[in-house]
Amino acid sequence: MLNWIKGDQSDHPLAEDKAARELIAELPPDPYKSLEELRYWLESLQNADDLKLTRKWEIVDLIDKTARNHLRKLSREYVSAGSRLQRFQENRIWSTVFAFWKSLGDAYRQLLQKYQAGANGWNAIKPRVPVVVARGIRCAAARLKWHLLRYGPIDRELWEDLGKLFAYAEENRLGDARLEIHPGTETSIQREFIRTLMLGVSSTDSLLPAKLDLAERLIARFADQCALQRQPSKGCHFYFDMADGNPPARFVDRIPAAGSIRFFGPGNASQALAALAAAVRSDGAVPANLDAGPQPEPGAVIEVLEHLARYWSIQPPARSEERKRSVSRISVVHGFDDIVGKIRGDSQDLNFDETAETWAVENESEGGYGAVLPRAKADWLKVGTLLGVRLEDGAAWGIGIVRRLTARENNELYVGIQLLARGATAVRLSLVGGSTTAQDALLLPSSVTDSVAHDEMSLLMREGSFSLQGSLEMQAYDRQYLLMPKRLIEGGNDFDMARFHVLKRAA
């Protein structure tokens, strides 16, 4: 840190503008170190009562502007890498970014509190108050997004902060006014409030980080068409109590009347979602003016638009299959190699089950399980993780994939598992006419006749193995089969699931 430079009325090192800008200019280029130092200066303002409120505003504004590129860089890395990030790196990015947004939000809320209390310089900051409130809400929205990126529980304080900020804006008739929250970025306090609430009810616990990021951007695009009012109506079927600290929820029945309750919903945005999805599907391309992040695939945009439409509808999506309560347990392994090893059964030593975990099953259906486990043991879990699954009293290992992660307040994690197959067969693949070594794969389902009878089969392969170029030869059940690639069904962190046309050869 630089030596403290005394100003005329305060000995805080950022009291004078020149000294503050010099200090900011000397920040290291490393985003982690810069954000950590900027957060230190934000927190140093909490007890700097000898600084005028106008000067505090200028310092917070300078720090906010300085941090944006660093935040953007780390966010892009976190979202684009997804589950490929090493655990240490993921934790480092998440902790750095989340902590900064928390400190920045605290700084904006303190500015508002000092203004309300008539602190030194309060009158001079009055024109900036709407921006202070809007940025405070945007900080709360960023905290929400980073909670959701980790499928973590949302702390009550976030909803309390959001409610208090918007309640102040309503009381002082600031909500609807258009303002420039940052240079070149126009919005309103109400728009920032609605987009945060809509993200909170969009059931993002089934979305991968890149698609959650895309959902947030799409919500921002349609926020002006969403509705916010004091009574429920068509297109306005969610509610939020600004005074009780609870998250926003779907309005399903009568709720106690309270002046702090606001109803909100997609309003006209539902029609806009459908129109955009139809345009992307028809053109096979994403509109150039759609702020949807770096070059999103048209299929991903359509998938996220349809996801939002389902969860914004007046009726919540119905389950495709009935789930029944269960008190069973399942053994679980993850990682392509470990799953292949379990299914092949080629590890017969005393440590054969050391990689398996035991999870409690809360409910089950023909298509999967809902399991519960301590959150502390689940930091490796992501939406899209491939699992080997076996019932407690079962003999065969099946294949599942994590489709939903929901954190609970009691430090538990609910895991929604889709079963791809209740059994699988380990096979060997080699490129026809190639010199590469044969590789492991898993045939779904476990009975080869189930697939071959229809001249098609699905295979799980290592990530990056599938190609439309070239045929494969598969050895299974002491027979050779010629496989013609058809399409990639799904790709994950360590697997490709693909469909093949099959021709049987002589043994």
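The values are calculated or read from the model by the stated rules, or taken from the named source; none is laboratory data. What you see is a predicted model, and the numbers here were worked out from it, not measured in a lab. Using ideal geometry, Cβ is built from the backbone for each residue, glycine included, and neighbour counts are taken over all protein chains shown. In case anyone asks, the SASA skips ligands and DNA or RNA and just uses the protein heavy atoms, side chains included. Shrake-Rupley method; radii C 1.70, N 1.55, O 1.52, S 1.80 Å.
Within segment 234-256, take every residue that is aliphatic (A, V, I, L, M) and under 17 Å from T196 (Cα atoms) and give me the one that is most open to solvent (accessible area, probe 1.4 Å). It comes out as A243.
With A288, A275 as the choices, which residue is loosely packed, with under 13 Cβ neighbours inside 10 Å and either of a type in the set (V, I, T) or closer than 18 Å to W312 by Cβ (or both)? Full working, then the answer.
Details: A288 fails: either of a type in the set (V, I, T) or closer than 18 Å to W312 by Cβ (or both).
It is A275.
The number of residues in segment 32-82 that are in a helix (DSSP H, G or I), in contact with a Lys or Arg (Cβ under 8 Å, 6 or more places away or on another chain) and not small (G, A, S) comes to 6.
Can you tell me which residue among R55, R76 is over 23 Å from the mean Cα position of the chain (by Cα), of a type outside the set (F, W, Y) and at pLDDT 90 or above? Full working, then the answer.
On the way: R76 fails: over 23 Å from the mean Cα position of the chain (by Cα).
Answer to the selection: R55.
Looking at Q113, is it without any contact (Cβ under 8 Å) to a residue 12 or more places away in the chain, open to solvent by 20 Å² or more (accessible area, probe 1.4 Å) and either within 24 Å of P266 (Cα to Cα) or in a helix (DSSP H, G or I) (or both)? Spelling it out, Q113 is indeed without any contact (Cβ under 8 Å) to a residue 12 or more places away in the chain, open to solvent by 20 Å² or more (accessible area, probe 1.4 Å) and either within 24 Å of P266 (Cα to Cα) or in a helix (DSSP H, G or I) (or both).
The set of residues in segment 187-212 being charged (D, E, K, R), farther than 13 Å from L308 by Cα and open to solvent by 10 Å² or more (accessible area, probe 1.4 Å) consists of R191 alone. I417 fulfils the conditions (1) in contact (Cβ under 8 Å) with a residue 60 or more places away in the chain; (2) open to solvent by less than 20 Å² (accessible area, probe 1.4 Å); (3) assigned to a strand (DSSP E or B) except for a single criterion, (1).
Of the residues that sit in segment 83-97 and are open to solvent by less than 30 Å² (accessible area, probe 1.4 Å) and part of a helix (DSSP H, G or I), which one is nearest to K382 (Cα to Cα)?
Residues of segment 83-97 open to solvent by less than 30 Å² (accessible area, probe 1.4 Å): 85, 90, 93, 96-97.
Of the ones still in play, those that are also part of a helix (DSSP H, G or I) are 90, 93, 96-97.
Working: E90: 12, I93: 16, T96: 20, V97: 19 Å.
Top of the filtered list is E90.
Kindly evaluate G491 against the criterion of being at pLDDT below 90 and farther than 30 Å from V361 by Cα. Judged against the criteria, G491 is not a match.
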